[in-house]
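Trainee: The structure under discussion is supplied below as structure tokens; questions concerning it will follow.
Read-outs throughout are calculated quantities, based only on the coordinates presented, and are distinct from any laboratory measurement. Here the structure is a predicted model, which is why all the values come from computation and not from measurement. Cβ atoms come from the backbone with ideal geometry, glycine included; neighbour counts cover every protein chain shown.
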Amino acid sequence: MNPLDEIAAGLVRAVELILALDPAVVEITARSLAIAITSTAIAAILTVPIGGLIHFHNFRGKRAVVNLIQTLYSLPTVTVGLVVFLLLSRSGPLGDLRLLFTPGGMVIGQTILISPIMIGLTIAALSGVGTQVRDTAISLGASRFQAIFTIMADARAAMMAAVLLGFGRALSEVGVAMMIGGNIRGYTRVLTTAIALETSRGDIEFSMALGIILISISLVVNLLINRVQGNWWS
Amino acid sequence: MIEARGVGATRGGAEILKGVSLKADLGEILAVIGPTGSGKTTLIRILNLIDRPDGGRILFDGIDVSHDEKARFSARRRMAMVFQKPTIFNASVEKNVSYGLRVRGISGSAAGDRTRSALREVGLFGYEKRWGTSLSGGEAQRVALARALVTDPELILLDEATANLDPRTAEKIEDLIQKMADGGRTVVMATHDLEQARRLADRIGVIIGGELVCMGLPEEIFERPRSEEVARFVRGRPGW
């Protein structure tokens, strides 16, 4: 069989696995989604207020802090994996929590990984609103807190896009999932680590099925980002 | 109602206002006219207590509201401002107009009734569900006016509120301004439209280069200007 035929056959088999709701495919997909959604939710709870605090307060070194956050956008996943591994390993400062090679540990790692981009994009979203919204709110009798809430409400689409981008990065990363999760079948194996493993084992069809799911989820996330920004189909 | 005493303002090292003193009384329309860049907007923003003066004092109902945040907040809740370029929140017209009520804790049917009534006043009844950011310039300005009216403020500040509107919409808004004053509200309006100031104002202050160069009745300003500088401005001579 030539390589192109092999890819075509792999695609057909992959679609069959997805349509038949293969238990292994479903289980890995569900776990990936559960871990990425949890990480994103925790990161959103932490990063939206932090982004707001940085945006709404003027302090010495603010520019440097924003630059540092932007630098961390491209934080390598294996570096986060290494740091969290050292923290969670038995001899590490958080070793007693016994979170290494658990879904909980993966959530911690992914939360750390996606937080900088979510903080940075929250700041960018709030900066995009402009001072006129604040002035209008204040002139209409809003308190400082109500004005901040109004600015956040006006920036909600861009802030939602920040959350969705964070989710996309959590779902598609492999370094943290591999190093902190350990790719344990039925426990910490997720889409990305399963694709890496099955490809090295030669089960291309299974890898492709998982790959198609991963790409499909990314597509849906991207469509949602466009939708919340009002650019549906554009 | 509101009074500026020797108000000064500096922005980016430049002196924008130089010891401006003026007073607007209850039910009066006070127009502040002057060429572009003369400091009208800065003055209106300071009177609306959005910005603080760098010198002098602002008194609202006799109380000094220049710096004390608590006093400024409670005075701000008795006034409303309409900007030259209205900022419409990314929400429905109804949510936009009822904003001032909601931040004051008024909601439900009371807020709904007042919102519809304010929209009727500006000729936009039935626009409640329209999205604020989809409105034309004239509609947006009328929504901004309804949003200012809905809280029944004692003082309304207008910064070139009709500058970007077609003559017909501008006329409707002028009628509304007159109605507000007839209803006992004080109106302070910054405008560079001299004819508009002449038509609407009870008194006019002329501000040139950050200084209030004269204050008087419209006929005094336009027919018997006290200085050559004012005469040149109100007669539209070159140089302005």
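Trainee: In peptide B:139-148, how many Cβ atoms from other protein chains are near each Cβ within 10 Å, on average?
Mentor: What the average comes to for B:139-148 is 1.
Trainee: Starting from a Cα-only point model with no solvent, please compute log10 I(q)/I(0) by Debye for the stretch A:28-228 at q = 0.15, 0.17 1/Å.
Mentor: Cα-only, vacuum Debye calculation for the stretch A:28-228: -0.94, -1.10.
Trainee: Starting with the fewest neighbours, write out B:H67, B:H192 ranked by other beta-carbon atoms found within 10 Å of each beta-carbon.
Mentor: The fewest-first ordering by Cβ neighbours comes to B:H67, B:H192.
Trainee: Looking at chain A, which longest stretch skips every one of the chymotrypsin sites (Phe, Trp or Tyr not before Pro) that is in a DSSP loop with at most 14 other Cβ atoms within 10 Å, leaving the sites themselves out?
Mentor: Working: sites that count: A:F59, A:Y187, A:W232, A:W233.
Of all site-free stretches, the longest is A:60-186.
Trainee: Still on this structure, I have one more. With helices defined as uninterrupted DSSP H runs, which ones in chain A have an alpha carbon span along their own long axis of at least 27 Å and mean Kyte-Doolittle hydropathy of at least 1.6?
Mentor: Helix filter hits for chain A: A:204-228.
Trainee: Could you list, in their original order, any pairs among B:K129/B:K179; B:K23/B:K172; B:K70/B:K172 whose Cα atoms are separated by more than 31 Å?
Mentor: B:K70/B:K172
Trainee: Could you sort A:18-27, B:49-58 so that the peptide with the highest average Cβ count within 10 Å comes first and the rest follow in order?
Mentor: B:49-58, A:18-27
Trainee: Compute, for the stretch A:28-228, the length of the dipole vector about the Cα centre, with Cβ point charges of +1 (Lys, Arg) and -1 (Asp, Glu) only. Units Debye, rounded to 20.
Mentor: My answer is approximately 380 debye.
Trainee: May I ask for the longest run of chain A untouched by trypsin sites (Lys or Arg not before Pro) that are loop-located per DSSP and have at most 15 neighbouring C-beta atoms (other than their own) within 10 Å?
Mentor: My reading of the result: A:99-184 is the longest stretch.
Trainee: Please state the charge dipole magnitude for chain B, taken about the Cα centre, from unit charges on C-beta atoms (+1 on K and R, -1 on D and E), reported in debye and rounded to the nearest 20.
Mentor: 640 debye
Trainee: Go through A:L68, B:L59, A:T40 and say which Cα lies farthest out towards the positive end of the charge dipole of the protein assembly as shown; charges sit on Cβ, +1 for Lys and Arg, -1 for Asp and Glu.
Mentor: B:L59
Trainee: GNM, chain B, Cα, under 10 Å: largest mean-square fluctuation among B:G184, B:G209, B:G62?
Mentor: Highest fluctuation among the options: B:G62.
Trainee: I need to check one value: relative contact order of the stretch A:1-150, counting alpha carbon pairs closer than 8 Å and at least 6 residues apart, in percent.
Mentor: Once normalised by length, the contact order is 29 percent.
Trainee: Dipole of the protein assembly as shown (Lys/Arg Cβ +1, Asp/Glu Cβ -1, origin at the Cα centre): which of B:G37, A:A30, A:L87 lies farthest to the positive side?
Mentor: Checking the options against the dipole of the protein assembly as shown, the answer is A:L87.
Trainee: In the stretch B:112-215, what percentage of the DSSP-assigned beta bridges are antiparallel, given to the nearest 5?
Mentor: Restricted to the stretch B:112-215, the bridges split so that about 45 percent are antiparallel.
Trainee: Dipole magnitude of the protein assembly as shown about its Cα centre, charges +1 at Lys/Arg Cβ and -1 at Asp/Glu Cβ only, in debye to the nearest 20?
Mentor: 760 debye
Trainee: Pick from A:T40, A:T131, A:T79: which residue has the top mean-square fluctuation in a GNM of chain A where Cα pairs under 10 Å get a spring?
Mentor: The residue with the greatest mean-square fluctuation here is A:T131.
Trainee: Give me the distance in nm between label points sitting 7 Å out from Cα along the Cα-to-Cβ direction at B:D202 and B:K129, one decimal.
Mentor: 4.3 nm
Trainee: Let me ask something else about it. What is the spin-label model distance, in nm, from A:T199 to A:H57 if the labels are put 7 Å beyond Cα along the C-beta direction?
Mentor: In this crude label model, A:T199 to A:H57 measures out at 4.4 nm.
Trainee: A follow-up question, please. In peptide A:130-139, what is the residue-averaged number of other protein chain Cβ atoms found within 10 Å of each Cβ?
Mentor: Working: counts 1, 2, 5, 4, 2, 7, 12, 5, 8, 15.
For this peptide, the per-residue mean of nearby foreign Cβ atoms is 6.
Trainee: Now for a different question. Over all residues in B:10-22, what is the mean tally of Cβ atoms on other chains that come within 10 Å of each residue's Cβ?
Mentor: Mean inter-chain Cβ contacts per residue within 10 Å come to 0.
Trainee: Out of the stretch B:147-227, which trypsin sites (Lys or Arg not before Pro) are coil in DSSP terms and have no more than 15 other C-beta atoms within 10 Å?
Mentor: Listed in order of number, the matching sites are B:R226.
Trainee: Would you be so kind as to identify which of A:S127, A:P116, A:T150 lies farthest towards the positive end of the dipole of the stretch A:78-164, taking Lys and Arg as +1 and Asp and Glu as -1 on Cβ and the Cα centre as origin?
Mentor: Value: A:P116.
Trainee: Still on this structure, I have one more. Return A:S39, A:S200, A:S172 ranked ascending by Cβ neighbour count within 10 Å, so the fewest neighbours appear first.
Mentor: Fewest to most other Cβ atoms nearby, the residues stand as A:S200, A:S172, A:S39.
Trainee: Hey, another quick one. Explain nothing, just the number: relative contact order of chain B, from Cα pairs under 8 Å at least 6 residues apart, as a whole percent.
Mentor: 28 percent
Trainee: On full extension of the chain, what length is gained from B:I106 through B:D175, given 0.36 nm per residue of separation minus the C-alpha to C-alpha distance?
Mentor: Residue separation times 0.36 nm, minus the Cα-Cα distance, leaves 22.0 nm.
Trainee: On to the next question. Beta carbons within 10 angstrom, averaged per residue: use that to sort the peptides B:134-140, B:154-160, A:41-47, highest first.
Mentor: Ranked from most to least packed, the peptides come out as B:154-160, A:41-47, B:134-140.
Trainee: Which of B:V97, A:V220 comes first, and how do the rest follow, when ranked by fewest Cβ neighbours within 10 Å?
Mentor: A:V220, B:V97
Trainee: Taking only C-alpha pairs under 8 Å that are 6+ residues apart, what is the relative contact order of the stretch A:105-222 in percent?
Mentor: 26 percent
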